[in-house]
Amino acid sequence: MRKKRVLFCASAGGHYTELMQLADLIDQFDSVVMTERTEVSKKSSFKTVYVPYSSRAEGWVYFFKFAYVSLLSMFYFIFFRPKVVVSTGVHSTLPICVLAWIFKRHIIYIETVAAVKTPTMTGKLMYKIANDFYVQWEELLNIYPNAIYGGVIF
């Protein structure tokens, strides 16, 4: 039996660290990890593809980088053809999640552990398009009433 294709995506830093907590799950599927290239992500044992790091703090340059990330995401989406996209956020993961939503793929989003009482901007956007939206703190159920409380993944 052929394994389901799943694309796991996260930005660098804590978002990537959270995604790596799902390592057992990543191993269960025909998976690829999409993230930004860092010293930590280069050591991954999983099949990994990279997008450039981008941050809104870069000013107007961010829009050009985000456009480039969007083009790369389209390429990765067409090449890998995932049935499910699992994301822990943020910037570089939005284009792939929007593509998954447009093509009616299953989207699983895990709101960051850093969001304890207030939502993140990415979380607010993903709440509208994700099929399964997980929070790691019960307090966020007041903000995301249809979310699934899964506890902290660390």
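Numbers at a glance
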| read-out | value |
| --- | --- |
| Among the candidates Lys128, Lys124, Lys104, residue that is within 21 Å of Val32 (Cβ to Cβ) and basic (Lys, Arg) | Lys104 |
| Cross-chain or 6+ apart pairs with Cβ under 7 Å, region 52-68 first and of a type in the set (Gly, Ala, Ser), then not in a loop (DSSP other than H, G, I, E, B) | Ser54/Tyr62; Ser54/Lys65; Ser54/Phe66; Ser54/Val69; Ser54/His91; Ser54/Ser92; Ser55/Tyr62; Ser55/His91 |
| Verdict on Gly13 being at pLDDT below 95, of a type in the set (Gly, Ala, Ser) and loosely packed, with under 13 Cβ neighbours inside 10 Å | no |
| Residue satisfying condition, being touching a Cys at 6+ places or on another chain (Cβ under 6 Å), in contact (Cβ under 8 Å) with a residue 60 or more places away in the chain and not basic (Lys, Arg), within set Thr88, Thr112, Thr93 | Thr93 |
| Boolean, Ala115 is loosely packed, with under 13 Cβ neighbours inside 10 Å and more than 24 Å from Lys3 (Cα to Cα) | no |
| Failed condition for Ile148, given (1) among the aliphatic types (A, V, I, L, M); (2) touching a residue at least 24 places away in the same chain (Cβ under 8 Å); (3) farther than 26 Å from Arg37 by Cα; (4) in contact with a Phe, Trp or Tyr (Cβ under 6 Å, 6 or more places away or on another chain) | (2) |
| Region 66-93, residues that are in contact with a Phe, Trp or Tyr (Cβ under 8 Å, 6 or more places away or on another chain) and not β-branched (Val, Ile, Thr) | Phe77, Ser87, Gly89, His91, Ser92 |
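The values are calculated or read from the model by the stated rules, or taken from the named source; none is laboratory data. Because the structure is predicted, anything quoted here is derived from the model rather than measured. Note: ideal-geometry Cβ built from the backbone for every residue, glycine included; neighbour counts use all protein chains shown.
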